[in-house]
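One structure is given here, and the rest of the page talks about it.
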Amino acid sequence: MLRLCGLIWIFIELVACSSYNPLQEYNVKEPASISGSSAASGNFSEAQVQQGQYLVELLNCGSCHTDGALVGLPVPNRFFGGSSIGIGYSNPLAEKNPGVVFPANLTPDIETGIGSWQDEEVLQFFKTGVDNHGRRQLSVMPWPGYARLKDEDALAILAFLRGLPPVRHAVPENVRPGENSPRPFVHFGVYQRKDRR
């Protein structure tokens, strides 16, 4: 806690002491908590779906993966259908145009979601951050923490996702640091000046 307070103080000091505040162009937004339901499908039991629902609500997955939820305005018919609002992942104090990722569509839609993924590919993604094309995801998607999921919990999350109604929603392409994002985005994170420890 003391370290976090020190980081926040450094951030406040950084902003207060500089004539340029890179965050002045941003508004504070509160993400929405998303809960919903899913039906048992395929090889999964109702108990697995309920456990999966509990876990995705606990992990607050819908706050990123539901369109509009990142800014507190979730789009009801895009529950877990991916976000057209991105998340800035590089330091806004160092990069005027940060890198931006757009949370994926996690519904079983074949074209824009995970409907064409094999169950093993989805489970691998949870635990390693490697998608079905072999690409490692940035840790904005907190897969390093999910790597510790028990197998039965990962299966329960999969059961929940497989039972969602498919949502046809292609999310925008990610934006590299230094490029201008054509879509809105939010920032998460605490930053520390390089000359402080």
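The values are calculated or read from the model by the stated rules, or taken from the named source; none is laboratory data. Just so it is clear, the structure is predicted and the values come from calculations on it, not from any experiment. Don't worry about glycine lacking a Cβ; one is built from the backbone with ideal geometry, like all the others, and counts go over all protein chains shown. Accessible surface is based on the protein model in full, side chains and every heavy atom, while ligands, DNA and RNA are left aside. Shrake-Rupley method; radii C 1.70, N 1.55, O 1.52, S 1.80 Å.
Restricting to segment 95-109, give me the number of residues that are assigned to a loop (DSSP other than H, G, I, E, B) and open to solvent by less than 20 Å² (accessible area, probe 1.4 Å).
Restricting attention to segment 95-109, the residues satisfying the condition of being assigned to a loop (DSSP other than H, G, I, E, B) are 95-99, 102-109.
Still in the running and open to solvent by less than 20 Å² (accessible area, probe 1.4 Å): 98-99, 102-103, 105, 107, 109.
Result for segment 95-109: 7.
Which ones in segment 51-94 are of a type in the set (G, A, S), assigned to a loop (DSSP other than H, G, I, E, B) and out of contact with any Gly (no Cβ under 6 Å at 6 or more places or on another chain)? I'd like the intermediate steps shown before the answer.
Quick first cut of segment 51-94, residues of a type in the set (G, A, S) only: 52, 62-63, 68-69, 72, 81-84, 86, 88, 90, 94.
Checking the rest, the ones that are also assigned to a loop (DSSP other than H, G, I, E, B) come to 68, 72, 81, 83-84, 90, 94.
Matches in segment 51-94: G68, G72, G81, S83, S84, A94.
Of all residues in segment 132-160 being assigned to a loop (DSSP other than H, G, I, E, B) and modelled with pLDDT of 85 or more, which is surrounded by the most Cβ atoms within 10 Å (Cβ to Cβ)?
As a first pass, look at segment 132-160 and keep what is assigned to a loop (DSSP other than H, G, I, E, B): 132-135, 137-142, 147-150.
Then keep just the ones that are modelled with pLDDT of 85 or more; that gives 147-150.
Values: A147: 12, R148: 8, L149: 18, K150: 8.
Among those residues, the one meeting the criterion is L149.
Quick one: would you say G129 is touching a strand residue (DSSP E or B) at 6+ places or on another chain (Cβ under 7 Å), open to solvent by less than 20 Å² (accessible area, probe 1.4 Å), of a type outside the set (F, W, Y) and without any contact (Cβ under 8 Å) to a residue 60 or more places away in the chain?
Values: touching a strand residue (DSSP E or B) at 6+ places or on another chain (Cβ under 7 Å): yes; open to solvent by less than 20 Å² (accessible area, probe 1.4 Å): yes; of a type outside the set (F, W, Y): yes; without any contact (Cβ under 8 Å) to a residue 60 or more places away in the chain: yes.
Here the answer is yes, as G129 does meet what is asked.
Quick grid of which residues meet (1) surrounded by 15 or more Cβ atoms within 10 Å (Cβ to Cβ); (2) of a type in the set (D, E):
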site	(1), (2)
L58	no, no
C61	yes, no
D67	yes, yes
L73	no, no
R78	yes, no
Y89	yes, no
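Within segment 73-93, is there a residue that is of a type in the set (S, T, N, Q), over 22 Å from D153 (Cα atoms) and modelled with pLDDT under 90?
Initial filter on segment 73-93 (of a type in the set (S, T, N, Q)): 77, 83-84, 90-91.
So of that shortlist, the ones also over 22 Å from D153 (Cα atoms) come out as 77, 83-84, 90-91.
Next, from what is left, pick out any that are modelled with pLDDT under 90: 90-91.
Scanning segment 73-93, I find at least one residue that is of a type in the set (S, T, N, Q), over 22 Å from D153 (Cα atoms) and modelled with pLDDT under 90, so the answer is yes.
Is one or more of the residues making up segment 177-186 open to solvent by less than 60 Å² (accessible area, probe 1.4 Å), assigned to a loop (DSSP other than H, G, I, E, B), modelled with pLDDT of 85 or more and closer than 24 Å to Q51 by Cα?
no
Tell me, yes or no, whether segment 108-115 has at least one residue that is of a type in the set (D, E, K, R) and in contact with a Phe, Trp or Tyr (Cβ under 7 Å, 6 or more places away or on another chain). Working first, answer last.
First pass over segment 108-115, keeping only residues of a type in the set (D, E, K, R): 109, 111.
Filter once more, keeping what is in contact with a Phe, Trp or Tyr (Cβ under 7 Å, 6 or more places away or on another chain): none.
Checked against the condition, which is being of a type in the set (D, E, K, R) and in contact with a Phe, Trp or Tyr (Cβ under 7 Å, 6 or more places away or on another chain), segment 108-115 yields no hits at all.
Show the residue pairs meeting these rules: Cβ distance below 9 Å; 6+ apart or different chains; first residue within segment 164-180 and over 15 Å from N97 (Cβ atoms) and basic (K, R); second residue open to solvent by less than 60 Å² (accessible area, probe 1.4 Å) and modelled with pLDDT of 90 or more.
As it stands, the answer is R168/G81; R168/N105; R168/T107; R168/D109; R168/T112; R168/G113, since those pairs meet every condition given.
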